[in-house]
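Some notes on the structure that comes next.
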Amino acid sequence: MGDGYGRALIVALRGVPRTLRHDLLTTARDPLPRQAWFGWLPHGHLVLLAVLAGTANMAAYNHAAVLTAPVQLLVVLQAAALVLALSRPLPAWWLSTTALFLIARIGDSTVGPDMAWPWSIWGIVVHTFVVLLLALRVPLRVTVVTLVITVLSGVVNAVMPTGFPHNDDITGGSLSFATAAVVGASLRISRVARTRLVEQEVLTAEERARRTVLEERGRIARELHDVVAHHMSVISIQAQVAPHLVENPSEELKENLAGIRQNAVEALTELRRVLGVLRAEDQAADSVRHTPQPTLDRLDDLLDNVRAAGLTVDAGTAGERRALAPGVELSAYRIVQEALSNAMRHAPGARVRVETGYRPTGIHLRIVNTPPTRPTDPAAARLSRGPGHGLLGMRERTAMLGGELTAGPTPDGGYEVTATLPTESSKDGT
């Protein structure tokens, strides 16, 4: 175990130089955000401070007879570093630190004991604000490393033999820089903590909303099961028992009752699959939820089913049959299924024609029925009152795939539904 910790420590130490290079040698832009209460006022004050500090620093070095052309340039650059720190804190820190170090080296032989060394008072002021702006926006480890480098740069200037007396003030400048680093790091940690708390609150709210949706879906699933599944089960049982209640039932009666029972069983199966989708939290429903959806390969079975129920249906196919996107296959099947159901409910005795046309850019469906030859069943008439959802569902499926659907009466009193669906779709919804 000790060897494992030792190897891990060696690997971590080897990665330190790469991490430091990545942290320190970057010019990434990180602008100081606008304040909620004061707006851009702090930014303007920092620019004003840079101008005043640069001017005062220039006057101090001029008074000490150190104000050569290189020193003038370095003083201006350090003042500019404070402005640069508003958008790029790390490059600004490098610029300010380098300027402080070079000014001390150049003025080593001329700065007297009446001036702070190796950093001037105004140089310390500018660099303190640069460190503060840096600590507000970088990780704590970067703040610590930059503070150490700053102090070491001053120590190097102080310990190098010069032969000239200086007013060494490493301690005062270091305390000022350390205070700025601590304040900035503390504010950043507090801001990050608040941000994470807000993010956690958002996630909690989203989770609460998701849980509410799941509970509502579960309630809908239970109601569907109580209302629909019960009656479908009763229909299935009655259709199974009915032949035994009639003496010598005809084969046609047996076939019709068997078809009714089969339709009820299939309806229950699809209902359970839909309930499994609604009960998303129910892991046991996964196998049902992922049952393959019907496609046009099952269109013949659908037509045989409605023929067994007494509907006269003719079918025709144009073009070469080919596999389409799952969403297109499912939508086409459901459109035909719903159109046939509407014909059975609203046009008893009518003859229905189902045409399927495969085109290079899509599939064309046409379901048309003749006028009814018998009065509509009163029960079906009661069910059909109101706008209904069958045609609306067909339109939604078609629109979701980017297709077109038209529906309306024909001149002879029948009804026609035509739909054109694209060959492929990015939405394979159900």
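The values are calculated or read from the model by the stated rules, or taken from the named source; none is laboratory data. Every value quoted in this text rests on a predicted model; they were computed, and no experiment measured them. Backbone-built Cβ (ideal geometry, glycine too); neighbour counts: all protein chains shown. The accessibility values were calculated without ligands, DNA or RNA, using every heavy atom of the protein model including side chains. Shrake-Rupley method; radii C 1.70, N 1.55, O 1.52, S 1.80 Å.
A compact table of results
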| item | result |
| --- | --- |
| Solvent-accessible area of L392 with every protein chain in place, 1.4 Å probe, in Å² to the nearest 10 | 90 Å² |
| Euclidean distance of C-alpha centroids, region 399-417 and region 147-201, integer Å | 76 Å |
| Förster-model FRET efficiency, 51 Å R0, V76 and R210, C-beta, rounded to 0.05 | 0.30 |
| Accessible area in square angstrom per residue, region 67-201, 1.4 angstrom probe | 46 Å² |
| Karplus-derived 3J(HN,Hα), 6.51/-1.76/1.60, for each residue of region 391-404, Hz, glycine and proline x | 5, 4, x, 5, 5, 5, 4, 5, 5, 4, 8, x, x, 10 |
